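See structure below.
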Amino acid sequence: HFQLPPTVKSKKAEALGLKETLFERCMHIENISVMLTTQYRMHEHIMNFSNQQFYGGNLLAAEVVKTKVLSKKEEDFTLTKALSFIDTAGCAYAEVMNPESLSFSNPEEAQLLLKHLKILLSQYARNNKNTKNLSVGIIAPYKEQVQYISELIEADEELKYAPASIVVKTVDGFQGQERTVIYISLVRSNDSGEIGFLNDIRRMNVALTRAREKLVVIGDSATLANHAFYKDFIDYAEQVEGYVSAWEFVD
């Protein structure tokens, strides 16, 4: 019940109580729930932000995944940290709204994401003969950004035929799935601090917990930090030494 909320298209139905699922109602009944406290999917640095925000710090990472990263070699700088937040603040990577669909994209942020992904794939291939076991998921909260990134990959020979599996979807499309590496493009970047869909932190909980060994989140802290959840996430990224400025990847 801390993950995807119900999709309710009728305002009347929502007002009458259908915005709350049967599962959520059951969770309000005392002693009906049992929480599984050990997770076997992700590195503890990927787990711990959601653990603090949603699960009262009660989750534990199993020993088999707790410290597992893509590489422990210092020269493989994109692989050694389980969690990275790439901050585009000050880069003028502005969001763009499609007037027909009213959905948002952020072209420069998408291009930065794929640039980082190419570096990651190159470093991983240098250390691993078989890269087919590496699965990559790219998540964006807006269909316009999903489409834009998909088109960029299709037009890029290096990524189009990359030996690693690369899938691009919305948050809802990744529910119940996992990948070795997850990239999240947060898209929103504006002077008014508007974040739209990103206000739904239960959906973001889903996105942040799909990765097994590497989570890369890209966004504009100047826009995002107006919301307490994202400010806390940026602070958390700094705590685990995962904060990076996008300027480090600008030629």
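The values are calculated or read from the model by the stated rules, or taken from the named source; none is laboratory data. What you see is a predicted model; the values in this text were computed from it and never measured. FYI the Cβ positions are ideal-geometry reconstructions off the backbone, even for glycines, and counts take in every protein chain you see. Accessible surface is based on the protein model in full, side chains and every heavy atom, while ligands, DNA and RNA are left aside. Shrake-Rupley method; radii C 1.70, N 1.55, O 1.52, S 1.80 Å.
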message: Restricting to segment 143-155, and then to whatever is within 16 Å of the chain's Cα centre (by Cα) and open to solvent by 10 Å² or more (accessible area, probe 1.4 Å), can you tell me which residue is nearest to L121 (Cα to Cα)?
response: V146
query: What is the residue count in segment 176-193 for residues that are in a loop (DSSP other than H, G, I, E, B) and surrounded by 17 or more Cβ atoms within 10 Å (Cβ to Cβ)?
result: 4
message: Checking the conditions here, which among K72, K66 is over 21 Å from M204 (Cα atoms), among the basic types (K, R) and modelled with pLDDT of 95 or more?
response: K66
- prompt: Which of the residues that make up segment 23-78 are open to solvent by 60 Å² or more (accessible area, probe 1.4 Å), of a type in the set (K, R) and assigned to a loop (DSSP other than H, G, I, E, B)?
  reply: K68, K72, K73
- request: Output the residues belonging to segment 194-251 that are touching a helix residue (DSSP H, G or I) at 6+ places or on another chain (Cβ under 9 Å), of a type in the set (A, V, I, L, M) and surrounded by fewer than 16 Cβ atoms within 10 Å (Cβ to Cβ).
  value: V250
- request: Sort out which residues of segment 156-175 are open to solvent by 30 Å² or more (accessible area, probe 1.4 Å), over 30 Å from D200 (Cα atoms) and touching a residue at least 40 places away in the same chain (Cβ under 8 Å), and write them in order of number.
  value: D156, E158
